[in-house]
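To keep things clear, I will list the structure first and then write my remarks on it.
Every number in this text was worked out from the coordinates using simple rules, so none of it is lab data. Worth saying up front: this structure is predicted, and the values here are computed from it rather than measured. Here the Cβ positions follow ideal geometry from the backbone for every residue, glycine too, while neighbour counts run over all protein chains shown.
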Amino acid sequence: MSPPPPITPDLKSEVDQVLEAVIYLYTESRRLTKELARRADLTGPQLTVVKILEQIGDLSLSELSERIRAQNSTVTGIIDRMEREGLVARERSKEDRRVVYIKLTAKGRQIAREIPIEPMEMLRSALETLTAQEMRDLFRIMTKVAKRVRAMARRDVGEPPDGKGEGKAESRGARQRAEES
């Protein structure tokens with residue numbers, strides 16, 4: 001991959017504004033998640049799990065891991081704690097005994113109802129105000145940026161090709177911080 005062309009001075013301001021918007025969306029989403037989670041006495045990832053299960057229904061561990069973009073081992077730890085707190089239950093599939101579904105308990109459903117909105121839904125609602133062409137353009141551009149970042153991460157940091165940034169050497173402390181944030 002060849003290096004991108006240098007940014008002209010007249011575009012630098014616009015690039016900075018785009019970066020500020022991306023950072024704002026990320027930090028605001030995390031801030032809202034933490035605040036809503038704190039009110040419900042949950043961690044951010046637990047809030048995300050509760051709202052996903054409320055909206056979608058029962059999911060297998062691997063489906064849930066995929067939805068929240070985390071390793072199965074990380075999600076297992078989150079679910080273990082949620083199960084101990086009576087928020088979720090594991091239920092083995094009747095069709096395939098190897099598959100275990102995660103489902104909200106009555107306590108988990110109650111908490112889900114008390115949380116007004118999951119921050120990602122706020123972002124989804126904002127995106128839905130775009131025209132179809134704006135959405136296609138945004139998707140195309142963001143996909144291009146994500147591919148470039150993934151390529152640079154693999155080259156410069158040695159990130160795995162899956163783009164998750166988590167390898168087998170991921171530390172327990174890093175997983176714990178991710179679960180608590």
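Structural remarks
- Each residue in the range 74-131 was checked for being small (Gly, Ala, Ser) and in contact with a helix residue (DSSP H, G or I) (Cβ under 7 Å, 6 or more places away or on another chain), and 5 pass.
- Cβ pairs under 9 Å, 6+ apart, first in the range 49-70 and touching a residue at least 60 places away in the same chain (Cβ under 8 Å), second assigned to a helix (DSSP H, G or I) and of a type in the set (D, E, K, R): VAL50/ARG109; LYS51/GLU121; ILE52/ARG67; GLN55/GLU121; ALA70/ARG175; ALA70/GLU179
- Selection within the range 87-96 - surrounded by 12 or more Cβ atoms within 10 Å (Cβ to Cβ) and not in a strand (DSSP E or B): LEU87, SER93
- Taking the criterion of being out of contact with any strand residue (DSSP E or B) (no Cβ under 7 Å at 6 or more places or on another chain) and either over 17 Å from LYS34 (Cα atoms) or in a helix (DSSP H, G or I) (or both), the residues of the range 97-118 that qualify are ARG97, ARG98, ALA106, LYS107, ARG109, GLN110, ILE111, ARG113, GLU114.
- Sub-8 Å Cβ pairs linking a first residue in the range 133-148 that is closer than 19 Å to ILE23 by Cβ to a second residue that is surrounded by 11 or more Cβ atoms within 10 Å (Cβ to Cβ), at least 6 apart or interchain, are LEU138/LEU127; LEU138/LEU130; ALA146/GLY163, ordered by first then second residue.
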